[in-house]
Amino acid sequence: MRVGILTGGGDCPGLNAVIRGIVRKGTMFYGDSIIGFMEGWRGVLENRFQPLDIDSIPGIIHRGGTILRTSRTNPAKYENGMDKIRATIQNNKLDALIAIGGDDTLSVAKKLFDLGMKTVGVPKTIDNDLSGTDFCFGFDTAVNIATEAIDRLHTTAEAHNRVMVVEVMGRDAGWIATYSGIAGGADVILVPEKPFDIQQVCELLKHRHARGKYFSIVVVAEGAKIADDESQSTQAGTRDEFGHVRLGGIGSRLANEIEQVTGYETRAVILGHIQRGGSPTAYDRVLATRYGVQAIDMVHRGEFGRMASLRGQSLTSVPLSEALGSNRKVDPELYDMASVFFG
Ligand code: F6P
């Protein structure tokens, strides 16, 4: 078969391991010929690709980023975008196209499938909030990076009797905040799912001080909202081609308010793209490899319009529509458990 691959949306540690899995099994086991489109849907629109064979993949499993590069290009925003994509698929005589991405990238794969093209999806987001799967690769790496940062901030917070507010990624769901907050022993964790009251946060910190703990760590997801002001803090007014604003700033806003209300010296730290860079963890390398092999197997089983999915310990597939309905929110039971350690 002739199969195309692309990586779209924000990059994510483990993308290269998925590519490696697809290429290894596709070429060595099925005898496929595989091409990789450059920079997400932009490469498909512009018919820019590179052949991928067994010589393309050595030494990439541990590398972050993506050898195919990526973009947030939305074909629907371009004149005759979907027709151009169909033409690229036909001109390259592709039997299938595998899209590795989050809800935006996969929404295009779903549209193409609805228009009669043979697409397969692989779930990717460090935010871990795609429905239809239990875990996305890249999340574990982001959690480990954030946890290490929290560990480091603990010692400097303690040395200075400071409150440290750590802003982590998580647009619509607070998975990274919750996991890294639990693992790092945070004193307060704030997530988009639960708008928070600043006075209550300050009460928790004062309670800690009253117990003789003169430093605190607050982990806040970038998409977290203040209860009486449900807008998200943003960095720039512009939107990407899928309509998303650039989030950021809730950490600094919260740090200022905490300092004003409590009088405790407070600093904000934004982890930002550090969470997405560098080598994937062993867990993410294994999960991403499994997703890649599953995706090429799905192509050969004719499971189109579907996404590779992890359910419990097993790989399976679900319709793309299942992944796209709504974001997968943090389990309220897990968050309640985390709150045992607040204050
Ligand atoms: O969707 C993943 C994500 O990392 C979000 O957590 C974050 O808001 C966004 O991407 C940042 O995107 P960009 O790389 O375009 O700044």
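The values are calculated or read from the model by the stated rules, or taken from the named source; none is laboratory data. Here the structure is a predicted model, which means the values were calculated and not measured. Here the Cβ positions follow ideal geometry from the backbone for every residue, glycine too, while neighbour counts run over all protein chains shown. These area figures cover heavy atoms from the full protein model, side chains too; ligands, DNA and RNA do not enter into them. Shrake-Rupley method; radii C 1.70, N 1.55, O 1.52, S 1.80 Å.
Some notes on this structure:
Matching residues to (1) open to solvent by 60 Å² or more (accessible area, probe 1.4 Å); (2) of a type outside the set (A, V, I, L, M):
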{"site": "F37", "(1), (2)": "no, yes"}
{"site": "R42", "(1), (2)": "yes, yes"}
{"site": "T66", "(1), (2)": "no, yes"}
{"site": "P75", "(1), (2)": "no, yes"}
{"site": "D83", "(1), (2)": "yes, yes"}
{"site": "I89", "(1), (2)": "no, no"}
{"site": "I100", "(1), (2)": "no, no"}
{"site": "S107", "(1), (2)": "no, yes"}
{"site": "G121", "(1), (2)": "no, yes"}
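- When the residues of the stretch 159-190 are filtered to those that are assigned to a strand (DSSP E or B) and β-branched (V, I, T), the one that is nearest to the ligand (Cβ to nearest atom) is V168.
Here's the yes/no breakdown for (1) in the same structural domain as L130 (by TED's automatic domain parsing); (2) in contact (Cβ under 8 Å) with a residue 12 or more places away in the chain; (3) at negative phi; (4) in a strand (DSSP E or B):
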position	(1), (2), (3), (4)
Y214	no, yes, yes, no
V220	no, yes, yes, yes
A236	no, no, yes, yes
G243	no, no, no, no
S252	no, yes, yes, no
A288	yes, yes, yes, no
A308	yes, yes, yes, yes
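- Of all the numbered requirements in (1) within 16 Å of the ligand (Cβ to nearest atom); (2) modelled with pLDDT under 95; (3) open to solvent by less than 60 Å² (accessible area, probe 1.4 Å), A227 misses one, and that requirement is (1).
- In the stretch 22-43 there is at least one residue that is in contact with a His (Cβ under 7 Å, 6 or more places away or on another chain) and touching a residue at least 12 places away in the same chain (Cβ under 8 Å).
- Test for L310: is it open to solvent by 10 Å² or more (accessible area, probe 1.4 Å) and touching a Leu at 6+ places or on another chain (Cβ under 9 Å): no
- Counting residues in the stretch 129-144 that are within 30 Å of H209 (Cα to Cα), open to solvent by 10 Å² or more (accessible area, probe 1.4 Å) and not in a loop (DSSP other than H, G, I, E, B) gives one or more.
- The one condition in (1) outside the structural domain of F304 (by TED's automatic domain parsing); (2) closer than 27 Å to I19 by Cα; (3) away from the ligand (no atom under 15 Å from the Cβ); (4) not basic (K, R) that I150 fails to fulfil: (2)
- Filtered residues of the stretch 230-240 (kept if more than 11 Å from the ligand (Cβ to nearest atom) and buried (at least 16 other Cβ atoms within 10 Å of the Cβ)): S233
- D140 within 16 Å of the ligand (Cβ to nearest atom), among the acidic types (D, E) and under 24 Å from the mean Cα position of the chain (by Cα): yes
- Residue in the stretch 104-118 that is modelled with pLDDT of 95 or more, assigned to a loop (DSSP other than H, G, I, E, B), in contact with a Gly (Cβ under 7 Å, 6 or more places away or on another chain) and not aliphatic (A, V, I, L, M) present: no
- Residues located in the stretch 271-287, provided they are open to solvent by less than 10 Å² (accessible area, probe 1.4 Å) and within 16 Å of the ligand (Cβ to nearest atom): Q275, P280, D284
- Taken together, the residues in the stretch 243-270 that are open to solvent by less than 50 Å² (accessible area, probe 1.4 Å) and at pLDDT below 95 amount to 5.
- The stretch 310-336 - residue that is part of a loop (DSSP other than H, G, I, E, B) and within 18 Å of the chain's Cα centre (by Cα) and, of those, farthest from T178 (Cα to Cα): G325
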